[in-house]
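The values are calculated or read from the model by the stated rules, or taken from the named source; none is laboratory data. A quick note: this is a predicted structure, and the numbers were derived from the prediction, not measured. Ideal geometry is used to build each Cβ from the backbone, glycine not excepted, and the neighbour counts take in all protein chains shown. Only protein heavy atoms, including side chains, enter the accessible area calculation; ligands, DNA and RNA are left aside. Shrake-Rupley method; radii C 1.70, N 1.55, O 1.52, S 1.80 Å.
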Amino acid sequence: MRRTERVFVENLGIHGFHGLIAEEKRLGQKFYADIECLVARDEAPSDTMSDAVDYGKVCDLAHDISASGPFNLIETLAERIGHGVMETFPLVSKVRVCIRKPNAPIRHFLDHVGVEIELSRD
């Protein structure tokens, strides 16, 4: 029997200096990330962390990648996090990363803007 596990982090708060405007790079701002990792396997995992995706390490990875910026685009941040997850966690067959920017410097009232990417192994 084939099974798929969904390991996820929602609303991870990240501070970063990402954006195209000089003030964004100087002052920084809050971003939120959702990261979903899919693991496909034939059997249930063992009851050990070595056979699982450590969501604490997923959070650490996203934070570290954001801190390695600044990036002009949140698309770049999402892409780097996605690749980082795939490189760090060989169990993950597909990753979805959504980055939300609640304080985008645009003149409209909104909750947030964002991007979402999905990467999968061939």
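With angles folded into 0 to 90 degrees, how steeply does helix 55-67 sit against the dominant principal axis of the chain? Use alpha carbons for both and round to 10. The helix 55-67 is inclined about 30 degrees to the chain.
Please compute the per residue accessible area over the chain with all protein chains in place, 1.4 Å probe, rounded to a whole number of Å².
62 Å²
Its residue count N sets the reference 2.2 N^0.38 Å, and the alpha-carbon radius of gyration of region 1-106 equals 1.19 times that reference. Taking other residues whose beta carbon is less than 15 angstrom from the beta carbon of Lys94, and scoring Lys, Arg as +1 and Asp, Glu as -1, yields -2. Shown is the FRET efficiency for Ile106 and Asp47, computed with R0 = 41 Å from the Cβ-Cβ distance and rounded to the nearest 0.05: 0.30. Rounded, prolate or oblate: which fits region 83-122, taking a ≥ b ≥ c as square roots of the Cα gyration tensor eigenvalues, rounded meaning a/c under 1.5, else prolate when a/b beats b/c? Prolate shape, in that a/c is at least 1.5 and a/b is the bigger ratio. The angle between the Cα long axis of helix 74-88 and the main principal axis of the chain comes to about 20°, on a 0 to 90 degree scale. How much net charge surrounds Lys30 when only the other residues with a Cβ under 10 Å from the Cβ of Lys30 are counted, with Lys and Arg +1 and Asp and Glu -1? Net charge in that neighbourhood comes out at +2.
When you restrict to C-alpha pairs under 8 Å that are six or more residues apart and normalise by the size of the chain, the relative contact order lands at 28 percent.
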